[in-house]
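For reference, the structure discussed in these notes is given below.
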Amino acid sequence: MITLLKDLVRIKSDTIESANNALLFCESWLEKRGIHTTVLQHEGKLMLVAEIGIGDECMIWNGHVDVVPGNPEQFEPFIEGDLLYGRGTADMKAGVAAMMQAFYELSKESKSLTKKIQLHIVTDEETDGKTTKFLVDQGYTGDFVICGEPTHLQIGLQAKGIIQFDVILKGKPSHGSRPWEGKNAIEQAFLFDQQLRTLSFLIASNEFYDYPSLNLAKIQAGDRYNVVPDECIISYDLRFVPGQNMQSITSEIKKLAEKFPKSEFKIQATAPAVTTEAINPFIERIAHVTSQFIGKPAVLFGQHGAADARFYAEAGAGAIEFGPSGGDWHGVKEYVSISSLENYKNILVSLFKK
């Protein structure tokens, strides 16, 4: 498994073409071990599906082999003590390697498995997740999904929903030396932002989250010092708490925007929250098995970010993020804990042992 992970890290999979190459490497690795795979393509991006076991219930293991860009030396993995360093070790080629190894081990006793396991490996989680969405749209879903993102062997059973939107504020141009003759659109944007942060949806909470998060991500306005800007576009990334109603949130923002003359409110992207319940029998099984390996009760938590689990959850499957311990993902010293990775692989295998 560690050799497999090192080989994956050496593949500089930060473009569509190179991520596809990494996926084809995974296909070859599995096929050499007698595992039949299906490779699909969508918009030039590849994805892999393999299945073992029998029965009505199906668990899906999802992982991605694409990574964010890094320095050349980050694609040369090395080990110091218990840590394996390299781009994509934590996020999330370690999870992929563990899932592939566990899948191979279980495939040797596939006929005795009373549940099905599907392995999904995709190539664009770091950009838009269209390959996982494509798989779900094609019917590749199940009763429960584990996305092997790095979680320190904690169970991320919820994730915030996403609303990304633009607000276009209008003003009136004038000479920069006589600003009182115009109406500054940037100042209108400042006022809108202040009022937005007082809206009621921003005080929501649940057992895993104290509040939603609101990031003012972009401001576009003005092109000359001596002109009062007549338009300002502000762009936000809102992550709302599971249990909140997306339509109610957007309606509240739209009503505020309508108070500003000639303003426009444009939604650019949305994603539902992941709301898997702790009483889900799969969660209870995973927590029990995990606690046996780590020697203490498993921790349940809510993710602030979003992963491909959201696409399966939207289709009705229970979905979690659950993976090994690592750190500095997307950073210059990204690493994964080897002992944690071994535990993670053994947990995946043990989930299907009687």
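A few comments on the model shown:
- Looking only at region 5-44, and only at residues there that are charged (D, E, K, R) and touching a strand residue (DSSP E or B) at 6+ places or on another chain (Cβ under 8 Å), the one that is farthest from A98 (Cα to Cα): E27
- Subset of region 197-207 (residues that are of a type outside the set (G, A, S) and within 12 Å of F240 (Cα to Cα)): F201, L202, I203, N206
- Region 226-257 - residue that is farther than 27 Å from H304 by Cα and either among the small types (G, A, S) or assigned to a strand (DSSP E or B) (or both) and, of those, nearest to the chain's Cα centre (by Cα): C232
- In region 192-206, residue most open to solvent (accessible area, probe 1.4 Å) [restricted to those that are without any contact (Cβ under 8 Å) to a residue 60 or more places away in the chain and not polar (S, T, N, Q)]: I203
- Just so you know, in region 208-227 the residues that are farther than 19 Å from D193 by Cβ and touching a residue at least 24 places away in the same chain (Cβ under 8 Å) include one that is least open to solvent (accessible area, probe 1.4 Å), and it is Y209.
- Residues of region 46-85 classified as part of a strand (DSSP E or B) and either among the aliphatic types (A, V, I, L, M) or touching a strand residue (DSSP E or B) at 6+ places or on another chain (Cβ under 8 Å) (or both), total: 19
- The single condition among (1) touching a Leu at 6+ places or on another chain (Cβ under 7 Å); (2) within 29 Å of D124 (Cβ to Cβ); (3) acidic (D, E) that D308 does not satisfy is (1).
- Residues being farther than 16 Å from G88 by Cα and not in a helix (DSSP H, G or I) - total across region 323-354: 4
- Selection of region 280-298 for residues being in contact (Cβ under 8 Å) with a residue 24 or more places away in the chain and assigned to a loop (DSSP other than H, G, I, E, B) yields N280, A298.
- Residues located in region 1-45, provided they are under 24 Å from the mean Cα position of the chain (by Cα) and of a type in the set (D, E): D7, D14, E17, E27, E43
- Matching residues, region 1-45, being open to solvent by less than 40 Å² (accessible area, probe 1.4 Å) and in a strand (DSSP E or B): L40, K45
- Matching entry among F301, F265, F260 (being within 29 Å of A189 (Cβ to Cβ), at pLDDT 95 or above, aromatic (F, W, Y) and not in a loop (DSSP other than H, G, I, E, B)): F265
The values are calculated or read from the model by the stated rules, or taken from the named source; none is laboratory data. Model, not experiment: these values are computed from the prediction. Every residue, glycine as well, gets a Cβ built from its backbone with ideal geometry; the counts of neighbours run over all protein chains shown. Each accessible area value is taken on the protein alone, full model and side chains, heavy atoms only, with ligands, DNA and RNA left out. Shrake-Rupley method; radii C 1.70, N 1.55, O 1.52, S 1.80 Å.
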